[in-house]
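The values are calculated or read from the model by the stated rules, or taken from the named source; none is laboratory data. These figures come from a predicted structure and were not determined experimentally. As a convention, Cβ positions derive from the backbone with ideal geometry for all residues, glycine included, and neighbour counts pool all protein chains shown.
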Amino acid sequence: MNSRFGTNVISILSLAVLWEVTGRIMDSTLIPPLSRIGAAWWKLLASGKLAANLTLSLTTLAAGFFLAVAIGIIIGLLMGRFRAVEHFLDLYVNVLMSAPTTAFVPVLIMWFGLGVESRIAVVFLFAVFVIIINTMTGVKQVDSVLVEMARSFGAKEKEIFFKIILPAAMPAIMAGVRLGMGRAVKGMVTAEMLLTLTGIGAMIMQYGSSFATDSLFAVILTILIIAMITMQAVQWLDRRLTGWKAEIAIE
Amino acid sequence: MVEIRGVSKSFQKTVKDNTTEVKALTDVNLSVRANEFVSIIGPSGCGKTTLLKIIDGLIPCDSGQISINGKQVTTPGPDRAVVFQTFALLPWRTVLANVEFSLELRQLPKEERARTARDYLKRVGLTDFENHYPHELSGGMQQRAGLARALAVNPMILLMDEPFGAVDAQTRQLLQEELLELWQRERKTVIFITHSMDEAVYLSDRVVVMTPRPGQVAEVLDVPLARPRIADEVRRDPKFVELTNYIWGSLKKAMENHH
């Protein structure tokens, strides 16, 4: 773990140095040196513009993502547990899972207008299907011997669900949540660029079209950092909930 | 105590749109006395495990019936507990929490659960491992936890489904000796499914030989060996050797008749 962290740091530092040097040699607006990006970032931060837009974006992200997690897990559990529900829904879920979600944006505008509801809907649609499918698969793969064991000791359906199915499916559910998080960030930026120019998506479009590359890269780096932080948060949660599985995997 | 009367069971087996009926058990009759140790031995696929599941009430039989002390069995009940071949421990729970699982389902208060679970972990020699997870333990230790979980609910009848089939030979002998010791102290009725003639004779009061599918009782044999049985001595006893040979012959005959 520690040596890995060290290698990560070295990797980032060398990329930063390479970027800085390339930027200075090229002396072009297309690849601004890292120091200029840093300065632009600091300016954005000081003006409060980044923080304001970031708050806007992250609220959308959080709302859409938590909806996707809640609804995705519930639907996935039902599909995994009840054959009828699975057969009723799996066609749509599978189609929508691989369909380009961006194509639904015009429909969402018609339904929800140009406000925050539409952006939340986009984030939701980006994230929800992968959570459904992972949850369903997790439930279906629960070792039937464990269910039999619980039943044999007198467990009722409710106890089988909460004491066997749910914990056994948790690693798969968390894998879905992790993948859903990545997709939710994509959905957020897509929504802000395609739908209504708000939040950090709007900043990207604005700086991109005016060739303000230093600010543009500053925003992009911010998005990367957010993606990294949210991923770490989900992974932390994953370890807390399914630490037993990780230990098995290491051995 | 346990009366098995005319039990038959078939399964639907579907291979590519082709559904056939497979007869697993046909007209099985057997009586098991209180505190008796009975082994059921038979070729693979003779329905031994199916019979055990029917006795436990996990699956219904098509015809016939099982009764325990005169009461008909339809569902799993607190008078029975199963020890599973693949241990069936919950990998996300520690050994202690696994043993507590069966007590949780019986709605025991928390402190009592922990106390009882620790007590049974002590009896199977796992006291030092209560905070380990199943994957950190050897197969033999995992099955000791499985045994503790079953004993903890204090059942009258212990149903054991090839419990030592998944551990290595040396551990198997050790577990057999430990089981006999426990059984001598706890005095449960044990119905023990096995593949091993040696194991069946060493452990049991009576050995039930089953025919190949559809399973039926071919023969019920008394084991004329005194208890307590010392493993090394018993296995050299001429009566032991004679009986194992006889069972082998009986199994062979049952299998030949079948072809």
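What residue, among those in segment B:1-26 that are part of a strand (DSSP E or B) and among the aliphatic types (A, V, I, L, M), is farthest from B:Leu52 (Cα to Cα)? So that I can check it myself, show each step before the final result.
Let us first name the residues in segment B:1-26 that are part of a strand (DSSP E or B), namely B:2-15, B:18-26.
After this cut, where a residue has to be among the aliphatic types (A, V, I, L, M) as well, the list is B:2, B:4, B:7, B:15, B:22, B:24-25.
On the way: B:Val2: 12, B:Ile4: 11, B:Val7: 12, B:Val15: 26, B:Val22: 18, B:Ala24: 12, B:Leu25: 11 Å.
That would be B:Val15.
Restricted to segment B:32-66, and to residues that are at pLDDT below 95 and of a type in the set (Ser, Thr, Tyr), which residue is surrounded by the most Cβ atoms within 10 Å (Cβ to Cβ)?
Going through the qualifying residues, I end up with B:Thr50.
Please pick out the residue among B:Gly125, B:Gly77 that is surrounded by fewer than 21 Cβ atoms within 10 Å (Cβ to Cβ), part of a loop (DSSP other than H, G, I, E, B) and away from chain A (no Cβ under 12 Å). Can you show your working first?
Values: B:Gly77 fails: away from chain A (no Cβ under 12 Å).
None of the others qualify; the one that does is B:Gly125.
Among the listed residues B:Thr171, B:Thr127, B:Thr116, which satisfies the condition of being of a type in the set (Val, Ile, Thr), without any contact (Cβ under 8 Å) to a residue 40 or more places away in the chain and touching an Asp or Glu at 6+ places or on another chain (Cβ under 9 Å)?
Details: B:Thr171 fails: touching an Asp or Glu at 6+ places or on another chain (Cβ under 9 Å); B:Thr127 fails: touching an Asp or Glu at 6+ places or on another chain (Cβ under 9 Å).
Residue meeting the stated conditions: B:Thr116.
State all residues of segment B:96-115 that are facing another protein chain (nearest Cβ under 9 Å) and either among the β-branched types (Val, Ile, Thr) or part of a loop (DSSP other than H, G, I, E, B) (or both); if no residue qualifies, say none.
Listed by number, the list holds a single entry, B:Arg106.
From the list B:Thr194, B:Thr244, which one is under 30 Å from B:Arg80 (Cα atoms), crowded, with 21+ Cβ neighbours inside 10 Å and among the β-branched types (Val, Ile, Thr)? Steps first, please.
Numbers: B:Thr244 fails: crowded, with 21+ Cβ neighbours inside 10 Å.
Sole residue among the options that is under 30 Å from B:Arg80 (Cα atoms), crowded, with 21+ Cβ neighbours inside 10 Å and among the β-branched types (Val, Ile, Thr): B:Thr194.
Picking from A:Leu108, A:Leu114, which residue would you name as being at pLDDT below 95, more than 14 Å from chain B (Cβ to nearest Cβ), over 19 Å from the mean Cα position of the chain (by Cα) and assigned to a helix (DSSP H, G or I)?
A:Leu108
Does B:Glu162 satisfy being in contact with an Asp or Glu (Cβ under 9 Å, 6 or more places away or on another chain), of a type in the set (Asp, Glu) and within 14 Å of chain A (Cβ to nearest Cβ)?
Numbers: in contact with an Asp or Glu (Cβ under 9 Å, 6 or more places away or on another chain): no; of a type in the set (Asp, Glu): yes; within 14 Å of chain A (Cβ to nearest Cβ): yes.
In short, no.
Quick grid of which residues meet (1) closer than 25 Å to A:Ile226 by Cβ; (2) assigned to a helix (DSSP H, G or I); (3) small (Gly, Ala, Ser):
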residue	(1), (2), (3)
A:Val69	yes, yes, no
A:Tyr92	no, yes, no
A:Ala121	yes, yes, yes
A:Ile132	yes, yes, no
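Test of understanding: among A:Gly138, A:Gly154, A:Gly76, which residue is more than 23 Å from the chain's Cα centre (by Cα), at pLDDT 90 or above and more than 30 Å from A:Thr198 (Cβ to Cβ)? If you could, list the steps in order and put the result at the bottom.
Details: A:Gly138 fails: more than 23 Å from the chain's Cα centre (by Cα); A:Gly76 fails: more than 23 Å from the chain's Cα centre (by Cα).
A:Gly154 is the lone residue from the list that is more than 23 Å from the chain's Cα centre (by Cα), at pLDDT 90 or above and more than 30 Å from A:Thr198 (Cβ to Cβ).
Is it the case, given these coordinates, that A:Val177 is among the β-branched types (Val, Ile, Thr), assigned to a helix (DSSP H, G or I), at pLDDT below 90 and within 30 Å of A:Ala52 (Cβ to Cβ)? Break it down into steps so the answer makes sense when it comes.
Working: among the β-branched types (Val, Ile, Thr): yes; assigned to a helix (DSSP H, G or I): yes; at pLDDT below 90: no; within 30 Å of A:Ala52 (Cβ to Cβ): yes.
So A:Val177 fails the test.
Would you be able to say whether some residue in segment B:182-201 is more than 28 Å from B:Gly45 (Cβ to Cβ), among the polar types (S, T, N, Q) and in contact (Cβ under 8 Å) with a residue 40 or more places away in the chain?
yes
Out of segment A:157-186, which residues are of a type in the set (Lys, Arg) and either under 19 Å from A:Phe82 (Cβ atoms) or more than 24 Å from the chain's Cα centre (by Cα) (or both)? Outline the logic, then answer.
Filtering segment A:157-186 for residues of a type in the set (Lys, Arg) gives A:158, A:163, A:178, A:183, A:186.
Those that are of a type in the set (Lys, Arg) and either under 19 Å from A:Phe82 (Cβ atoms) or more than 24 Å from the chain's Cα centre (by Cα) (or both): A:Lys158, A:Lys163.
Among the candidates A:Lys140, A:Lys245, A:Lys156, A:Lys163, which residue alone is in contact (Cβ under 8 Å) with a residue 60 or more places away in the chain, within 14 Å of another protein chain (Cβ to nearest Cβ) and closer than 21 Å to B:Pro91 by Cα?
Values: A:Lys140 fails: within 14 Å of another protein chain (Cβ to nearest Cβ); A:Lys156 fails: in contact (Cβ under 8 Å) with a residue 60 or more places away in the chain; A:Lys163 fails: in contact (Cβ under 8 Å) with a residue 60 or more places away in the chain.
After ruling out the rest, the residue left standing is A:Lys245.
For segment A:79-91, indicate whether the set of residues that are farther than 20 Å from A:Met181 by Cβ, surrounded by fewer than 12 Cβ atoms within 10 Å (Cβ to Cβ) and basic (Lys, Arg) is non-empty.
The answer is yes; a qualifying residue exists.
Would you call B:Val83 within 11 Å of chain A (Cβ to nearest Cβ), farther than 21 Å from B:Val7 by Cβ, modelled with pLDDT of 95 or more and surrounded by 14 or more Cβ atoms within 10 Å (Cβ to Cβ)? Break it down stepwise before answering.
On the way: within 11 Å of chain A (Cβ to nearest Cβ): yes; farther than 21 Å from B:Val7 by Cβ: yes; modelled with pLDDT of 95 or more: yes; surrounded by 14 or more Cβ atoms within 10 Å (Cβ to Cβ): yes.
Judged against the criteria, B:Val83 is a match.
Within segment A:213-227, identify whether any single residue is under 30 Å from B:Phe101 (Cβ atoms) and away from every other protein chain (no Cβ under 14 Å), and answer yes or no. Steps first, please.
In the first step, residues of segment A:213-227 are kept if they are under 30 Å from B:Phe101 (Cβ atoms); the result is none.
Scanning segment A:213-227 turns up no residue that is under 30 Å from B:Phe101 (Cβ atoms) and away from every other protein chain (no Cβ under 14 Å).
Inspect all residues belonging to segment B:131-142 and state whether any of them is farther than 20 Å from B:Ser39 by Cβ, assigned to a loop (DSSP other than H, G, I, E, B) and more than 14 Å from chain A (Cβ to nearest Cβ).
no
Would you pick out the residues in segment B:219-241 that are touching a residue at least 40 places away in the same chain (Cβ under 8 Å) and either in contact with a strand residue (DSSP E or B) (Cβ under 9 Å, 6 or more places away or on another chain) or surrounded by fewer than 17 Cβ atoms within 10 Å (Cβ to Cβ) (or both)?
At the first step, the residues of segment B:219-241 found to be touching a residue at least 40 places away in the same chain (Cβ under 8 Å) are B:220, B:227-229, B:231.
Those that are touching a residue at least 40 places away in the same chain (Cβ under 8 Å) and either in contact with a strand residue (DSSP E or B) (Cβ under 9 Å, 6 or more places away or on another chain) or surrounded by fewer than 17 Cβ atoms within 10 Å (Cβ to Cβ) (or both): B:Val220, B:Arg227, B:Pro228, B:Ala231.
Here is a check on your reading of the model: is B:Gly45 assigned to a loop (DSSP other than H, G, I, E, B) and under 23 Å from B:Met210 (Cα atoms)? Walk me through it before giving the result.
On the way: assigned to a loop (DSSP other than H, G, I, E, B): yes; under 23 Å from B:Met210 (Cα atoms): yes.
So B:Gly45 fits the description; yes.
So which residues in segment B:59-82 are without any contact (Cβ under 8 Å) to a residue 24 or more places away in the chain, in contact with an Asp or Glu (Cβ under 9 Å, 6 or more places away or on another chain) and under 23 Å from B:Gln216 (Cβ atoms), if there are any at all?
Across segment B:59-82, the qualifying residue is only B:Val73.
Quick check, is B:Arg93 closer than 21 Å to A:Val142 by Cα, surrounded by fewer than 21 Cβ atoms within 10 Å (Cβ to Cβ), within 12 Å of chain A (Cβ to nearest Cβ) and among the basic types (Lys, Arg)?
Numbers: closer than 21 Å to A:Val142 by Cα: yes; surrounded by fewer than 21 Cβ atoms within 10 Å (Cβ to Cβ): yes; within 12 Å of chain A (Cβ to nearest Cβ): yes; among the basic types (Lys, Arg): yes.
So B:Arg93 passes the test.
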